[in-house]
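The values are calculated or read from the model by the stated rules, or taken from the named source; none is laboratory data. In this text the structure is predicted, and so the values were computed from the model without any measurement. Every residue, glycine among them, receives a Cβ derived from its backbone with ideal geometry; neighbour counts consider all protein chains shown.
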Amino acid sequence: MNGSVTFEFPLARPHCGVPLANGDFGVLVWGEETLCVTVNESGLWDHRAGRLIDGRDRYADLVAYAKAHGCDRGLSAMMHRDASVTGAPHRLAAGRFEFRFVSGIVPREAKLDYRTGRLCVRLSDRAELMLVVVMKHNILYVEDPGRRIVAVTAVPASDIPAVAEFNASCGVPPYEKLPDGWRIALPEDPAYTVRCVKTDYGWKLFPGDACDDSARESEKAFTARWWEHVFSSAARVTTPDPWWNEFYDFCLYKLAAATAPYGRAAGLQGPWHEEYQPAQWSGDFHFNVNVQMIYGPLCRLGLPECQLPLFDMIESPAFQESMKHNARALFGVSDALWQTHAVDDRGRQCGGISAGSILDPACGAWTALLYYDHFRHTGDMTFLRDRAFPYIYGVMRGYEEMLDDAFHIPVAISAEYAASNQNMTAVAGRDPSYQLAAVRKLAAILIELAAELKRPERPVWRQILDKVPPFTTVYGYDSYARNEEPRIGIWEGQDLDVCHRHHSHLGCIWPFASLPDPLPPELERVVENAVTHWIGRGIGKWSEWGIPWACIIFTRRGLNEAPMQLLNLWREIFVNEGLATVYLPRMLSLIAHRRHDIARPKAESEIMQLDGCGGFLEAFTQMCAWTTNSGELRLFGGMPQKWQNVRIDGLSLPGGKRLSAGRGGKAVIS
């Protein structure tokens, strides 16, 4: 492992810069002639306009509409919305501080030490600054022993036209400029102040009105111990390619910085947010893939404690009430949890109310896998009893209410498929394969966990495993077989007709891994046909998190050359020069996802998403090792044959054991 990474200035925009964070307070260090520090915080929200499912929108009425009219776009149109509520909850852009130096001096190099979390910025005269965001306290210390910084300029985001226009449209006034920072006054949420003050050692940047730094050295020491723990205990992947080794280390660092257990839950961009544009997708929590991509690899990496802020948010009174309200509205029950697609940190919908936003219970089912993995890796029975089991049980109760007497799901979606296929009239369908995989997985998990807790099973769980099929089968023409072949459908009667960034219909392969093991020949044929058809639809509209997801599917199907072929393309298209995973392709080439936005200037439109970082770590570790439902460990099934000396060390396994193995060598589990 390299203990550090070095970036050369100029670093022309925030997401080319170096991210520092403590799981809550995030800064991006970049610049050219000056050193810029872009600041933000996970809790900086304008919470107004959050939506819940209207109590008049009963699931039974949606089913009745679908039976009478089909699942056309009128299904969304019939849902009730409060016309007086406009806008959506969103994170706010905060701003940046610009550090100016003695005349003629500019930043030259930034070296990030992974084992201390400290960033050393070397200047053109060889003087050095030391920057560190400490754990447990939202403070950035900027140590300047050579006194090279002569001035600091505060640039609130409301000075930037795109943010000013957006804020004005939401009723957020221009930020109040202070001598050492700015203050954000919000219509309903608490005000937020950020300051940068001069000290005897340099500068101190922090939110709030006052900050005591008498414990600076002990805070730095605690922070260094935490980072030493991360990089001495987390799983390592080593390949023959130095670039991928460096990128793995950086992604591990960035994910740990975003999810550190002393902070808050990380949404799409973690604790970071650029100052030059409003938060994309509100900077919210997308629970149909993105949150799970961020938090999914943490147990395998050996960092289960970093999942706890997410669970804390989900179990907060506000978030719980949102999920319970949604379940009551749809089904009239009090013991179910219903998680919608894109929400704020109180569980309220940030986007509109539609079939696509409320009829995807897999949002909760995939989150349930995080709870399940946390228990399996820690063995914490208190966590299982008090946190994991109640959540998984509540999500399953929603599915149980959806199922009809014949154990079909009358109406649900497959994540965002209708949005990607505008030629179709349906927005949902009967028995989406994604939802079938999810409900079967939850049933199997709950049977296992009930036994652990010595609690009675609900009979419906085994009925689900007996009666719900593993997927919905459709038939489509296969040009090689020259006939109609069975394959996995999106939902009843709907084939995969377009290139789609969500691989949801293949959820029985991953994330839910709900197929029988071993797979009977008649099911194997359907699955193989589905994967071949999916490959044939191409990658031209995939996004940056879709490629790691695909790599896992390829790995689990034994197509060991495909993952690195894909990741090498992904590196060129979705990883910028600062090693950040970006949502928009960097150029129009083999992927045309959001093609109209690709040509926009990156300094004004680049969108970093943390799900690409987490998704890569999930994919890369699974490419080295994964376990079948029957308990068989599969090694290096996603790594190319030419990498004969690839290895993995310290991969966490269920039960708390660790795996170390090299290709061709002996696997050691300890």
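For the reader, a short list of remarks on this structure follows.
- Single condition Asp386 does not satisfy, out of (1) more than 24 Å from Asp82 (Cα to Cα); (2) surrounded by fewer than 18 Cβ atoms within 10 Å (Cβ to Cβ); (3) within 22 Å of the chain's Cα centre (by Cα): (3)
- The residues in the range 162-188 that are in contact with a strand residue (DSSP E or B) (Cβ under 6 Å, 6 or more places away or on another chain) and not small (Gly, Ala, Ser) can be counted, and the count is 7.
- Among the residues of the range 456-481, those that are in contact (Cβ under 8 Å) with a residue 12 or more places away in the chain and in a loop (DSSP other than H, G, I, E, B) comprise Arg458, Val468, Pro469, Pro470, Phe471, Thr472.
- Contact map, the range 68-85: first residue over 14 Å from Arg58 (Cα atoms) and aliphatic (A, V, I, L, M), second residue surrounded by 15 or more Cβ atoms within 10 Å (Cβ to Cβ) and modelled with pLDDT of 95 or more, Cβ cut-off under 9 Å, separation 6 or more or different chains; pairs are Val85/Arg48; Val85/Ala49; Val85/Gly50; Val85/Arg51.
- Complete set of residues in the range 78-89 that are surrounded by 12 or more Cβ atoms within 10 Å (Cβ to Cβ) and of a type in the set (Gly, Ala, Ser): Gly87, Ala88
- Out of Thr239, Thr223, sole residue that is modelled with pLDDT of 95 or more, more than 21 Å from Leu140 (Cβ to Cβ) and over 23 Å from the mean Cα position of the chain (by Cα): Thr239
- Any chance Glu98 is closer than 26 Å to Leu186 by Cα, at pLDDT 95 or above, touching a strand residue (DSSP E or B) at 6+ places or on another chain (Cβ under 9 Å) and surrounded by fewer than 21 Cβ atoms within 10 Å (Cβ to Cβ): yes
- Residue check for Gly23: within 19 Å of Glu246 (Cα to Cα) and either touching a Pro at 6+ places or on another chain (Cβ under 8 Å) or at pLDDT below 95 (or both): no
- For the range 94-111, the candidate set comprises residues that are hydrophobic (A, V, I, L, M, F, W, C) and in a strand (DSSP E or B); within that set, the residue that is farthest from Ser124 (Cα to Cα) is Phe97.
- Some residue of the range 144-161 being under 30 Å from Gln280 (Cα atoms), loosely packed, with under 14 Cβ neighbours inside 10 Å, at pLDDT 95 or above and in contact with a strand residue (DSSP E or B) (Cβ under 6 Å, 6 or more places away or on another chain): yes
- The residues listed here are Gly655, Gly664; of these, the one that is surrounded by fewer than 14 Cβ atoms within 10 Å (Cβ to Cβ), farther than 20 Å from Asp373 by Cα, out of contact with any strand residue (DSSP E or B) (no Cβ under 6 Å at 6 or more places or on another chain) and not charged (D, E, K, R) is Gly664.
- Of the residues Ala342, Ala415, Ala388, the single one that is within 25 Å of Cys306 (Cα to Cα) and in contact with a His (Cβ under 6 Å, 6 or more places away or on another chain) is Ala342.
- Asp495 free of Cβ contacts under 8 Å to residues at least 40 places away in the same chain, surrounded by fewer than 21 Cβ atoms within 10 Å (Cβ to Cβ) and within 29 Å of Met396 (Cα to Cα): yes
- Residues being within 15 Å of Leu496 (Cβ to Cβ), part of a helix (DSSP H, G or I) and modelled with pLDDT of 95 or more - total across the range 418-436: 2
- Taking first residues from the range 358-381 that are buried (at least 21 other Cβ atoms within 10 Å of the Cβ) and partners that are part of a helix (DSSP H, G or I) and of a type in the set (D, E, K, R), the Cβ contacts under 7 Å between residues at least 6 apart in sequence or on separate chains come to Ala365/Lys441; Tyr371/Arg387.
- Residues that are outside any helix (DSSP H, G or I) and surrounded by fewer than 24 Cβ atoms within 10 Å (Cβ to Cβ), drawn from the range 235-253: Arg236, Val237, Thr238, Thr239, Pro240, Asp241
- Among the candidates Leu566, Leu610, the residue that is out of contact with any His (no Cβ under 8 Å at 6 or more places or on another chain), more than 16 Å from Val289 (Cβ to Cβ) and in contact (Cβ under 8 Å) with a residue 12 or more places away in the chain is uniquely Leu566.
- The number of residues in the range 428-454 being among the acidic types (Asp, Glu) and farther than 23 Å from Leu75 by Cβ comes to 2.
- All positions within the range 346-362 that are in contact with a His (Cβ under 8 Å, 6 or more places away or on another chain) and farther than 23 Å from Gly74 by Cα: Arg346, Arg348
- Residue check, Arg537 among the charged types (D, E, K, R) and under 29 Å from the mean Cα position of the chain (by Cα): yes
- Selected residue (only one of Ile509, Ile539, Ile490, Ile535 is surrounded by fewer than 17 Cβ atoms within 10 Å (Cβ to Cβ) and within 30 Å of Ile607 (Cβ to Cβ)): Ile535
- The strands (runs of 3 or more DSSP E) falling completely within the range 1-69 that include 1 or more residues that are surrounded by 24 or more Cβ atoms within 10 Å (Cβ to Cβ) map to 18-21, 25-30, 35-41.
- Of all residues in the range 559-608, those that are under 20 Å from Val29 (Cα atoms), out of contact with any Gly (no Cβ under 9 Å at 6 or more places or on another chain) and surrounded by 20 or more Cβ atoms within 10 Å (Cβ to Cβ) total 3.
- Within the range 570-585, being touching an Asp or Glu at 6+ places or on another chain (Cβ under 9 Å) and closer than 15 Å to Ile539 by Cβ holds for Trp570, Ile573, Phe574, Pro585.
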